[in-house]
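The values are calculated or read from the model by the stated rules, or taken from the named source; none is laboratory data. Small disclaimer: the values here were computed from a predicted structure and weren't measured. No Cβ is skipped: glycine too gets one built from the backbone with ideal geometry, and neighbour counts run over all protein chains shown. Just the protein is used for accessible areas: all its heavy atoms, side chains included, with ligands, DNA and RNA removed. Shrake-Rupley method; radii C 1.70, N 1.55, O 1.52, S 1.80 Å.
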Amino acid sequence: MNVFAHIGLHKVFLGLGLSLVVFGSFWQALEAPLDIPRPILEYLNNDVTDSYPNLRPQSGVKKPSNRPIEERKPVKDIYATLWLHQVHRWFGGEDQRLSRIREFLQEAKNSGITSIMGDLPWEWTEREKQGELDLVKFDKGWMKLVCEMDLNLHVVITMRDMPPWLQNSATHSGQSNLTEVGKCTSAPNPVTTSSPSSAHPLVWDSMQSYTRMASHLLLQEYGTCIHSISPTMNNEFETRYSSTHNALRDYSVFMTEQYKDWQRQRHLQGPNSTTQITTKQHGQPVLNCMGTCTSIVDSQTWNWLGFREEFLAKRYERLCELVHDGASQTNHAGSCLLHFGEMFSTLDVIHSNLFFYLAKSPQVNHLVMDSNMALMGAPSSPSIVGVLVSTASNYNKTVHYEAA
């Protein structure tokens, strides 16, 4: 698997993900022949030590023999990502942008790419008025080229920033505290962000409306070209909380009220101050998220972490339900994709690990498992990939692996 570490050195492979349906262990999934076009085979079969000389075995140490790519399990789909901000930055001015994108897509297709993943930002799609969505303005129309070239589309419906109409509506109606707030003990003041808080009733209602309508319009416009739709509120298009300088979210006023209600429903007592945490009057523990990590043994801290996980997981399950709901108004089936970044690490405290709740949900159809393949100049262990994909394979969903 180390061969995937240098994917990304060529422009076609930026953001490349390898998508496969896996039943059984990951290593068993690599035992059958792999049907990948020759250009990618030649690229992937290059010796990884050519790019990372420090990985070459020392004298007298036998170099491990890697099974040729051709002998591994068939890959169902290979996608490359192309985000809207890259469309604006990479392909020149408006007079030449679409023709250059077409060239890029053709090169990707010739290299064996079968799908393109792009994004539909809330603030650039439902910009002026609620319910008025535009799939073309601000160069979003490039997605049509993907379908014209018989490639599939994975579309990320991203809600990491609010549209102008929502901010104006809140201002005129006197509503505030619409955005997420981050905190940790090492930061003297709360970190105010621009990310909309799904705990705010107006924001959450607006998110649901946008997800349903965007899903409906995408399937109505592009039909079977749409391979999946992925709703997300995360700043990296993933299914987790965002973070700001290692600060946990969300400590907004409305999330505080949600947490109080959650505790009352379970007849839980308010938290007590311990050496592990710092507590505020509203009862949310503020974790020390800098410096040396220590074990969390305080039950009140676990209550807070458990609430965060349950709250956000239910939000994402509802968004996937709305993807299907929007599709039901068309002649096409909706398919919901959720992207999970690195897990089984200390980052799970900051971001929350929503995987085990959502992977079993009937509303979820695709699982993307993602781990950085090259850290500090060297590929990470292939066993990490095995753990992530094997974990996902037990839920009978389409499993994608993103070689980031």
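Packing-wise, with mean Cβ within 10 Å as the measure, how do 384-390, 101-107 rank, highest first?
The packing order, highest mean first, is 384-390, 101-107.
Skipping prolines and chain starts, which residues have an amide H placed within reach, meaning under 5 Å, of the one on R160, given they are 5 or more residues away or on another chain?
Amide H neighbours of R160, under 5 Å, 5+ apart: W122.
How big is the accessible area of T192 in square angstrom, nearest 10, if you roll a 1.4 angstrom probe over the protein chains?
Its accessible surface works out to 110 Å², give or take rounding.
Put a dot 7 Å past each Cα toward the Cβ at D95 and H172; how far apart are the dots in nm?
A separation of 4.0 nm, rounded to one decimal place.
Sorted by accessible area with a 1.4 angstrom probe, largest first, how do M162, M207 fall?
On the way: M162 20, M207 0 Å².
Most to least solvent-accessible, the answer reads M162, M207.
Ranked from highest to lowest mean number of other Cβ atoms within 10 Å per residue, what is the order of the peptides 223-230, 241-248, 84-91?
Descending mean neighbour count gives 223-230, 241-248, 84-91.
Peptides 145-155, 254-264: what's the order by average Cβ count within 10 Å, highest mean first?
Going by the mean number of other Cβ atoms within 10 Å, highest first, we get 145-155, 254-264.
Keeping all protein chains in the complex and leaving out DNA, RNA and ligands, what accessible area do you get for K360 with a 1.4 Å probe, in Å² to the nearest 10?
My reading of the accessible area for K360 is about 140 Å².
Tell me the per residue accessible area of region 172-269 using a 1.4 Å probe; a whole number in Å² is fine.
That works out to 42 Å² for each residue.
Residue by residue through region 336-353, what is 3J(HN,Hα) from phi via Karplus (6.51 cos²θ - 1.76 cosθ + 1.60, θ = phi - 60°)? Round to whole Hz and write x for glycine and proline.
3J(HN,Hα) across region 336-353, in whole Hz: 9, 10, 10, 10, 10, x, 4, 9, 6, 8, 5, 5, 4, 5, 6, 8, 6, 9.
Give the shape of region 66-198 as rounded, prolate or oblate, defined through the alpha-carbon gyration tensor: a ≥ b ≥ c are the square roots of its eigenvalues, a/c under 1.5 means rounded, and otherwise the shape is prolate if a/b is larger than b/c and oblate if not.
Since a/c reaches 1.5 but b/c is at least a/b, the shape of region 66-198 is classed as oblate.
Quick one: net charge of K129's neighbours, Cβ under 14 Å, K/R +1, D/E -1?
-3
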